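Please read the structure below before turning to the comments.
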Amino acid sequence: MTAPRLKVNWPMLSDALALGLVLLDGKGRVLHWNAWISRYAGIALADAQGHTLEEVFPEALSAPFRKAVANALRHRLPIVLSNVLHRAPLPLYARAEHRAADQRLPQSVTITPVAQPGAGHLCLLQITDTSTLATRERVLQLRSDRLSREAVIDGLTGIYNRKYLDDKLRAELERAQRSQVPVALVMFDVDSFKAYNDNYGHPAGDRVLVAIAHAAREQINRATDVLARYGGEEFAAVLPASDKIGAQRVAEKIRSAVEALAIPHQASSVAPCVTVSLGVACHDPRDGYPGAHELLELADRALYVAKRNGRNQVRWTISSATPLDIFPVTQR
Ligand SMILES: Nc1nc2c(ncn2[C@@H]2O[C@H](COP(=O)(O)OP(=O)(O)OP(=O)(O)O)[C@@H](O)[C@H]2O)c(=O)[nH]1
């Protein structure tokens with residue numbers, strides 16, 4: 001049994017397609033295009049037939065597109081212009097306001113050489129609208145940006161988290177070694193914070209951490225400085241290209257900014273308000289190459305001395321220090 005023969009109306013069928021079709025002759029002149037192209041180009045087929053695409057779209061076809069069509073006609077090379085590298089080769093617009101703003105429809109274009117007996121070599125262009133793909137890509141990009149941000153940001157205070165600071169400290173120590181510039185680390189910790197939580201409640205304690213983070217951030221001016229919540233009620237700042245004078249100044253500014261917040265703390269063993277103790281470790285590349293862990297330990301040791309000596313103060317040390325080389329900054 002033979003299959004029933006159907007006389008297909010190809011032009012009608014191509015007009016029903018949800019993609020653009022353009023057929024060019026061997027000289028690159030339009031032989032035919034479908035209704036989809038007429039709609040998005042805003043040009044009737046009759047006005048395009050017999051003209052090259054440069055003549056039809058004098059307002060700029062992308063250079064890679066023109067080259068790809070020429071290669072298809074001259075060397076019979078098929079090509080796909082993906083929307084990643086070539087977002088919109090043809091001036092096609094979904095809406096009039098997009099045309100006014102030259103906001104082209106995102107497209108993917110497939111260019112195929114076609115041998116037509118009796119008519120020489122033709123070239124078929126298929127153009128698909130990739131705007132939904134582009135929207136999905138944008139959404140995925142936004143989501144991925146958000147996830148990358150969340151991975152390095154502390155949820156409570158909005159400043160960087162420990163992981164980011166550890167990475168940054170390692171990178172800055174390497175850079176310090178290469179460029180022979182100093183780098184400093186400040187660690188600070190809220191004084192009598194257990195007593196604060198016990199007295200005012202955990203949510204009030206959280207608000208104090210947020211206020212301290214914001215106050216400290218305002219004291220850190222350089223774009224390359226990084227302030228992080230290092231864990232619990234402990235914070236840290238990496239100060240690239242800072243020597244001990246600069247780092248001591250920043251640490252003292254943080255100390256007095258927290259004091260100036262004047263957050264009442266009746267249960268503190270130090271002052272009637274919330275205070276912080278700070279330890280600074282400065283690294284001069286001429287003293288060798290300490291690891292991040294070593295510098296953190298030095299800053300922590302200085303912080304410990306600040307705590308032991310009465311809190312609400314800054315103590316500092318340098319990377320070539322012996323365990324006893326911890327010096328005061330805060331003047332009393
Ligand atoms: N509200 C709040 N409290 C926290 C958070 N993380 C840690 N803490 C509390 O911080 C307190 C730290 O207590 P300690 O390590 O004893 O230190 P401290 O009481 O501040 O005493 P010094 O540091 O010696 O002045 C603990 O009670 C923790 O529960 C947090 O995210 N929010």
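The numbers here are math on the coordinates, done by the rules we state, and not lab data. If you're wondering where the values come from, they're calculated on a predicted model, not measured in any experiment. Quick reminder, even Gly has a Cβ in these numbers, built from the backbone with ideal geometry, and neighbours come from all protein chains shown.
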Q | Set of segment 239-269 residues, backbone N closer than 19 Å to the point 7 Å along the Cα-Cβ line of Arg286 | A | 241-248
Q) If you wrap a convex hull around the Cα atoms of segment 52-133, how much volume per residue is inside, in Å³? A) 103 Å³
Q. What span do the alpha-carbon atoms of segment 125-266 cover on each of the three principal axes, reported in whole Å from largest to smallest?
A. 76, 45, 21
**Q.** Rg [Å, one decimal], Dmax [Å, integer] - segment 189-279, C-alpha atoms
**A.** 13.2, 41
Q: List the lysines whose Cα lies under 28 Å from the Cα of Lys67, skipping any in the same chain that are fewer than 8 positions away.
A: Lys27
Q. For segment 204-295, with only Lys/Arg (+1) and Asp/Glu (-1) charged at the beta-carbon, what is the dipole magnitude about the Cα centre, in debye rounded to 20?
A. 200 debye
Q: Apply 1/(1 + (r/R0)^6) to the Cβ-Cβ distance of Ile245 and Lys67, taking R0 = 45 Å, and write down the FRET efficiency to the nearest 0.05.
A: 0.15
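Among Val80, Val183, what is the fewest-to-most ranking by other Cβ atoms within 10 Å?
Ordered from fewest to most neighbouring Cβ atoms within 10 Å, Val80, Val183 come out as Val80, Val183.
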Q: Using Cα centres only, tell me the gap between segment 36-107 and segment 146-175 in whole Å.
A: 45 Å
**Q.** Given charges at Cβ of Lys, Arg, Asp, Glu: segment 165-263 dipole, positive-most of Val186, Gly205, Ala260
**A.** Val186
Q) If you take all C-alpha pairs in the chain, what percent of them are over 35 Å apart? A) 52 percent
Q. What list of ³J(HN,Hα) couplings, whole Hz, do you get for segment 280-290 from phi and the Karplus terms 6.51, -1.76, 1.60, once you set θ to phi - 60° and write x for glycine and proline?
A. 10, 10, 10, 10, 9, x, 5, 8, x, 9, x
**Q.** Total charge dipole magnitude, the chain, about the Cα centre, Cβ charges on Lys, Arg, Asp, Glu only, Debye to nearest 20
**A.** 780 debye
(Q) Using a 7 Å offset from the Cα along the Cα-to-Cβ direction at both Gln141 and Glu174, what is the distance between the two label points in nm, to one decimal? (A) 2.8 nm
(Q) Using a 10 Å cut-off around each Cβ, can you sort Thr110, Thr132 from fewest to most neighbouring Cβ atoms? (A) Thr132, Thr110
